[in-house]
């Protein structure tokens, strides 16, 4: 391990053939060499490939989908369902609440542990098409929450499961399209959301 001469210097670690740089000032971790670096380079290339699909109407749609996946939106939907005071409404609201809370908890722990910077902070000249709720990219919280609800509502009446799954897919794609996340962030969010949704079904029976 090597350290610069002052307290604001970065640390470089060598582990299993990978060169990892830690910046204490920003609290971020970057993989410079090794297998992980190749994976992250491919991830970055996929993100940049999305730029060729940018059109004004697609950007407007992506922003709408991202807004639909905000914490405020899920909170509003959950409160509205619980306020309905019907058996179905309360059941759906409880599953939504349990799923999104679990997904958010998992996401925040990983974000603050891995501290992967957002694309606009790590790619020179890159500009996201949406504001970022925090500094960290991995995993995608929007995607995790959306897929947790989709799994929690699977097999529910009124076609809520397929509709929520379609929405979740759109939200995940919107995060990459807008440059808020890398594809790998979204894939991890899908996995976390799926697990959180399954756990919520165990916690809220019926």
Log entry, pairs with first residue in the range 97-112 being farther than 21 Å from residue 205 by Cα, second being at pLDDT 95 or above and assigned to a helix (DSSP H, G or I), beta carbons closer than 6 Å, six or more apart or on different chains, reads 106/192; 107/141; 107/144
Test result for residue 202, in a helix (DSSP H, G or I), in contact with a helix residue (DSSP H, G or I) (Cβ under 6 Å, 6 or more places away or on another chain) and free of Cβ contacts under 8 Å to residues at least 60 places away in the same chain
no
Picking from 163, 150, the residue that is in contact with a helix residue (DSSP H, G or I) (Cβ under 6 Å, 6 or more places away or on another chain) and more than 15 Å from residue 182 (Cα to Cα) would be 150
A careful count of residues in the range 172-197 that are assigned to a helix (DSSP H, G or I) and in contact with a helix residue (DSSP H, G or I) (Cβ under 6 Å, 6 or more places away or on another chain) gives 15
Among helices (runs of 4 or more DSSP H) entirely within the range 79-171, at least 3 residues that are closer than 20 Å to residue 187 by Cβ and at pLDDT 95 or above occur in 87-114, 141-152
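The values are calculated or read from the model by the stated rules, or taken from the named source; none is laboratory data. Quantities reported herein were computed from a predicted structural model and do not represent experimental measurements. Glycine gets a Cβ as well: all are built from the backbone with ideal geometry, and neighbour counts include every protein chain shown.
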